[in-house]
Amino acid sequence: TKQNYLMALSYLLRNVPKQVLIGDLPSLFPLLIHSLSLADSNLRASTIDTFYIISFDVPHIISEHISSLIPLLLSLAQMSDINTMIPGNHVTAPLGTNTPKWQFYLLHGPPLFAKFAMPLLVEKLASDSSNAKKDSMVALKACAPVYGLSAIVPHLENLWDYLKDEIINATNDSFELIALEAIQSIAETLSTDEIENLDHLQQFLKNVITECLENLKNSELKLAKPCGKILKYCAMTSDPACNIIISATLKNFIIQYRTSDLATRKKGILEILVEFIAAVRYLYGSIENAPNIKDQNFVMPLAPYKDDMLDVFSSALLGINEYNELRLCGLRGLHDMILLNNFLSDNEIGLILQYFNKIILDEQDQDIVSPALEYLGNIAHYKPKIVLDVTLPIFVSKLPNIGDVINKGSYTNYNKILDSISKISAEPILFEALVPEILAKLNNVLSPLSSTNCDYTEAILQALHTIFLKKLSLSHTDISRYVNIIIPHLLARCIEPTL
């Protein structure tokens, strides 16, 4: 069959010495290109392998057909054999496992690919076909760092216009993410120039910043989310990019927040600030992970604005009369600032925890209490000493004595507090402080005996059980120690009344 003949041709070209076939290659190349458009997935995969192997031996022949070859490589992304992969241990697979062959060849073919590929990628971005746009964005994300500045810079204006429109007018999240990642890849490529010569990066970011700020003049900030994401993905690329974006925009956003009376606008601005924090966490590291830049001698771009950010996030959170979406932005912003690496002092974190304590203990709206407790539990994992000093003693002190429960009916009060304690006390330093306090409370609760005692006792034991399960999930090594303390104590208290 035709497919078998073409498969044989592909095998022949890969294995017969090129000097034997050099005279026939020009006439055979159109057949290979035709193979990429046929339905047989094995034939397509074999043909791509053949192209890769011979590309470096006869680049002058490849160049004659490259304008036909590249569109076919891009279109393979839509075909059923997109999962035809380069093996991770393949001698020509520096990208590792699970690299689609069409993408691998486009990336690691001869250097002349860049000259022909970029105009075609830009052309596909302008297409009316969603699949064509997606193919182009996926390829652009992968190819930009490989092709380099010289291939990207001539097309910067068009690339920005097309990718920006895909984000602002996104019809689904997957398209938006692919476009954002393509913009990030472009900014990363522009950041690879010498630090003294970042003209292309500065000009590109100037266009990005100018357009985003113009879009954010709308009173309700309808484009706040897409513009915030664009600025975030650009800021994530490098230390220079992050500094350029934050220094050009953050002060302006702080002023807009303080001068606005519209709650929805304030919320939109805080969402952008949260995106900036996410970019800084990604680039410079957080208490959760290491930074993504090698140079540790950096000054975090947010440092000059720390006090202002604390102020706007705190005012949003503590505004009891504000609507919850704005308060939640303030809550998240303060939590995310705590997670930044070496950013807030222990005293500043302690002040924020006091805000969280007050919300959890005093407010009834679960839409704000639940995330505050979740964030506090996360902070307790990374900053247990501060939680030990600022939060745990307050929570324990709020547990009522049995006399108060019997006389005043404070059932819901102790359940809420025990639930909060169970969510923040798993870390060894916190649990060590909690155990004697909780055992003392048990002693109080079990005297005198009544049905109320049983309910309160069960709630305390349930809280301990929850903490033990969490410690087990975290593979803590101090579990057996406390089992040996708590179980004998409980048995003694159970047996004592029968004597």
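The values are calculated or read from the model by the stated rules, or taken from the named source; none is laboratory data. Remember, predicted model here, so these are calculated numbers, not experimental data. Cβ placement follows ideal geometry from the backbone for every residue including glycine, while neighbour counts extend to all protein chains displayed. These accessible areas exclude ligands, DNA and RNA; they are computed on the full protein's heavy atoms, side chains included. Shrake-Rupley method; radii C 1.70, N 1.55, O 1.52, S 1.80 Å.
Assorted remarks:
- Checklist (1) open to solvent by 20 Å² or more (accessible area, probe 1.4 Å); (2) assigned to a helix (DSSP H, G or I); (3) closer than 29 Å to residue 224 by Cβ applied to residue 182, failing item: (1)
- Set 38, 31, 9: member being open to solvent by less than 60 Å² (accessible area, probe 1.4 Å), modelled with pLDDT of 75 or more, touching a helix residue (DSSP H, G or I) at 6+ places or on another chain (Cβ under 8 Å) and farther than 22 Å from residue 117 by Cβ: 38
- Residue match in segment 192-206 (condition: among the hydroxyl-bearing types (Ser, Thr, Tyr), out of contact with any Phe, Trp or Tyr (no Cβ under 7 Å at 6 or more places or on another chain), buried (at least 20 other Cβ atoms within 10 Å of the Cβ) and touching a residue at least 24 places away in the same chain (Cβ under 8 Å)): no
- Pairs linking a residue in segment 34-50 that is closer than 14 Å to residue 65 by Cβ to a residue that is surrounded by fewer than 17 Cβ atoms within 10 Å (Cβ to Cβ) and of a type outside the set (A, V, I, L, M), with Cβ atoms under 9 Å and 6 or more positions apart or on different chains, are 35/3; 36/75; 37/75; 50/11; 50/14.
- Residue that is surrounded by the fewest Cβ atoms within 10 Å (Cβ to Cβ), among those in segment 433-447 that are assigned to a helix (DSSP H, G or I) and either at pLDDT 95 or above or hydrophobic (A, V, I, L, M, F, W, C) (or both): 440
- Within segment 364-388, residues that are within 20 Å of residue 474 (Cα to Cα) have Cβ atoms under 6 Å from residues that are aromatic (Phe, Trp, Tyr) and part of a helix (DSSP H, G or I) in these pairs: 376/356, counting only partners at least 6 apart in sequence or on another chain.
- Note on segment 119-162: among residues that are charged (D, E, K, R) and either closer than 13 Å to residue 179 by Cβ or in a helix (DSSP H, G or I) (or both), the one that is least open to solvent (accessible area, probe 1.4 Å) is 135.
- Qualifying positions in segment 163-173 - surrounded by 15 or more Cβ atoms within 10 Å (Cβ to Cβ) and part of a helix (DSSP H, G or I): 163, 164, 166, 167, 168
- Within segment 257-268, the set of residues being surrounded by 24 or more Cβ atoms within 10 Å (Cβ to Cβ) and not charged (D, E, K, R) comprises just one member, 268.
- Restricted to helices (runs of 4 or more DSSP H) entirely inside segment 292-366, those with at least 2 residues that are closer than 26 Å to residue 244 by Cβ and open to solvent by 40 Å² or more (accessible area, probe 1.4 Å) are 306-318.
- Close pairs (7 angstrom Cβ cut-off, 6 or more residues apart or separate chains): more than 19 Å from residue 126 (Cβ to Cβ) in segment 146-157, among the hydroxyl-bearing types (Ser, Thr, Tyr) and part of a helix (DSSP H, G or I) anywhere: 148/189; 149/189
- Output for segment 455-497, where each listed residue is among the charged types (D, E, K, R) and open to solvent by less than 40 Å² (accessible area, probe 1.4 Å): 471, 478
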